Amino acid sequence: MFASRGSAQSAEAALHPATEADKAAATITGSLQIDPRQVLAAVPADYSGLSYESAQLANPAFFSAQNQQLIALFQALSPCGVLRLGGGTSEYTTFSEQAPSGPPPFEVFGPDTSKTVKQGTVTSALALRNLRSFLDATGWRCIYGLNLGQGTKENAAAEAEAACRILGPRLLALQIGNEPDSFSRFRPHGWGPDAYIRQWLEFHAAIVARAPQAKFAGPDISNKLAYLTAFAEMASKHSDIVLLTVHYYAMGPAGNPLATMQNLLSPNPRLTTMPWAKASVLQQAMRSDRLPCRISEVNSCWNGGLAGVSNAFGSALWCADMMLHFATLGMAGVNLHGGGSGWYSPIVGSPSAGFQRRPEYLGMQFAQRFAGATILHRTLQCSSDGVTAYAARVPGAASQECLVALINKTNASAMIQLAGALKSAKAVETMALTGPSLDATSGVILQQQALPVESGVLHLQPHTALLWSAQTAAS
């Protein structure tokens, strides 16, 4: 459905032809310069990740070395990404050393929505052994969710011990509970950050008694930052807590009339469960406790995504911009949630029918180029806040080479004057992420092209993300 092409093409062939609406829109103007000496953040090599529902493990054959097509898709995203298993269904699963008799209840599952039937899924030791073979084949590691909402500490401890033993070095961390700040359905009375921490510690004690080598992440909240503050304070007393985790959805729920492509691509989506403005709170938590923070579940529109928005080209532009924005803030990584045939799933399909990439997948590939890099300070002065820019130094590159991304989420062309170190920069490699229209669900491509620069001015077409390696004049 989508292509990632390696052959260089002319700027004219790679960029969108202007529509009448584009021609009518005022041209955006601006200037961009970078400071190669000022580093903002380091992007971990395993920055990119995917998130699936825990219920998917009820089919032990899904995450296994036999699922070659899915393995190839994971590898094409990142050679060392992070798979997070959790979601709403993690509060309904149970663990058994013995594999259930009979066929699995489903081939694929997810994503979880308000209409999902969640009961009766069992994770077995067989599923964990297959998961280990899948992780070994992809080169990825795993954040593994345990049932706090309705499970027992005894069952969680047995599952944690098996996960540590079987997954070994492929297990990045265990998470106890999914979105505990939304546990009112499980704890109707007296639930809050203090009660959560008390119960988390009970589960933690039971787990480390059986698996003393276990490492932990949390709190995996949806939006209530008081839970993050309480967890971060508690984490300072436990050296086995290695990662803070939170969720982010730009809009939602699906079906809300304000969940539109226009709002998704706006600088500050009106419907959010973790406002960008509060990113400073996450940064403060990381600084105070010296813990990295990962966006362990993220996507465009919660409750399964929205047809025509979450599965369309515009979501790829949003995804690329979102991932690079969080990288600039110093986040440890992002995990795009999905699975099954969900509208917002980057990968959809099944082993029997085959898998397909949705547009977000290409947005992830675009941002993945920054994995392992160091984010540089950049100054973009622009007449529209619908254009964003990012710059980074890539390990192993020449001392004067940097990576630059420009994303135009508007329906107007942009003329960006390259200034400072970029003024006479030479392009080493240029890639463009384009699609026929914002609502296109096919024809989305990430391909090489010639850098559209003339007399030091970069010409960026509407609805285009441009990425290039630049040989700067001075470092």
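Looking only at the range 350-399, which residues are over 26 Å from Gly443 (Cα atoms), among the small types (Gly, Ala, Ser) and free of Cβ contacts under 8 Å to residues at least 60 places away in the same chain?
Scanning the range 350-399 gives a single hit, Gly396.
If a residue has to be buried (at least 22 other Cβ atoms within 10 Å of the Cβ) and of a type in the set (D, E, K, R) to count, how many in the range 69-102 make the cut?
2
Which condition breaks for Leu362 when tested against (1) touching a strand residue (DSSP E or B) at 6+ places or on another chain (Cβ under 7 Å); (2) of a type outside the set (D, E, K, R); (3) surrounded by fewer than 17 Cβ atoms within 10 Å (Cβ to Cβ)?
For Leu362, the failing item is (3).
Taking Thr472 as meeting all but one of (1) of a type in the set (Ser, Thr, Tyr); (2) within 13 Å of Phe366 (Cα to Cα); (3) in contact with a helix residue (DSSP H, G or I) (Cβ under 8 Å, 6 or more places away or on another chain), write down the number of the exception.
(2)
Determine, yes or no, whether Val309 is at pLDDT 95 or above, of a type in the set (A, V, I, L, M, F, W, C) and part of a loop (DSSP other than H, G, I, E, B).
yes
Taking the stated definitions as given, is Ser90 without any contact (Cβ under 8 Å) to a residue 24 or more places away in the chain, in the same structural domain as Val298 (by TED's automatic domain parsing) and of a type in the set (S, T, N, Q)?
no
Only one residue in Gly151, Gly177 is buried (at least 18 other Cβ atoms within 10 Å of the Cβ), under 22 Å from Val298 (Cβ atoms), in contact with a helix residue (DSSP H, G or I) (Cβ under 8 Å, 6 or more places away or on another chain) and touching a residue at least 12 places away in the same chain (Cβ under 8 Å), so which one is that?
Gly177
Could you please let me know if Asn303 is part of a loop (DSSP other than H, G, I, E, B) and within 20 Å of Thr245 (Cα to Cα)?
The answer is yes for Asn303.
Across the range 444-475, which residue is nearest to Leu265 (Cα to Cα) among those that are out of contact with any Ser or Thr (no Cβ under 8 Å at 6 or more places or on another chain) and without any contact (Cβ under 8 Å) to a residue 40 or more places away in the chain?
Val453
Name every residue in the range 247-284 that is surrounded by fewer than 21 Cβ atoms within 10 Å (Cβ to Cβ), assigned to a helix (DSSP H, G or I) and at pLDDT below 90, in order of residue number.
Scanning the range 247-284 gives Trp276, Ala277, Lys278, Ala279, Ser280, Val281, Gln283, Gln284.
Under 6 Å between Cβ atoms, at least 6 apart or on separate chains: pull out the pairs that start in the range 242-267 with a residue that is in contact (Cβ under 8 Å) with a residue 24 or more places away in the chain and closer than 30 Å to Leu172 by Cβ and end on any residue that is among the basic types (Lys, Arg) and in a strand (DSSP E or B).
Leu243/Arg294; Thr245/Arg294
Show the residue pairs that are 6+ apart or on different chains and have beta-carbon atoms under 7 Å apart, the first residue being within the range 190-202 and part of a loop (DSSP other than H, G, I, E, B), the second being of a type outside the set (Phe, Trp, Tyr).
Trp191/Ser184
Looking at Thr430, Thr434, Thr441, which one is hydroxyl-bearing (Ser, Thr, Tyr) and out of contact with any strand residue (DSSP E or B) (no Cβ under 6 Å at 6 or more places or on another chain)?
It is Thr441.
One residue is enough: does the range 54-68 have a residue meeting the conditions aromatic (Phe, Trp, Tyr), within 17 Å of the chain's Cα centre (by Cα) and either surrounded by 21 or more Cβ atoms within 10 Å (Cβ to Cβ) or assigned by TED's automatic domain parsing to the domain that holds Val122 (or both)?
No, the range 54-68 has no match at all.
Would you pick out the residues in the range 112-141 that are assigned to a loop (DSSP other than H, G, I, E, B) and in contact with a strand residue (DSSP E or B) (Cβ under 6 Å, 6 or more places away or on another chain)?
Asp112, Trp140
Within the range 362-390, work out how many residues are part of a strand (DSSP E or B) and under 17 Å from Cys319 (Cα atoms).
Number satisfying all stated conditions: 4.
Taking the range 203-227 as the search range and keeping residues that are assigned to a loop (DSSP other than H, G, I, E, B) and either in contact with a helix residue (DSSP H, G or I) (Cβ under 8 Å, 6 or more places away or on another chain) or β-branched (Val, Ile, Thr) (or both), which one is surrounded by the fewest Cβ atoms within 10 Å (Cβ to Cβ)?
Among residues in the range 203-227 that are assigned to a loop (DSSP other than H, G, I, E, B) and either in contact with a helix residue (DSSP H, G or I) (Cβ under 8 Å, 6 or more places away or on another chain) or β-branched (Val, Ile, Thr) (or both), the one surrounded by the fewest Cβ atoms within 10 Å (Cβ to Cβ) is Gln213.
The values are calculated or read from the model by the stated rules, or taken from the named source; none is laboratory data. Only a predicted model underlies this, so the values are computations on that prediction, with no experimental measurement involved. Positions of Cβ are backbone-derived with ideal geometry, glycine not excepted, and every protein chain shown enters the neighbour counts.
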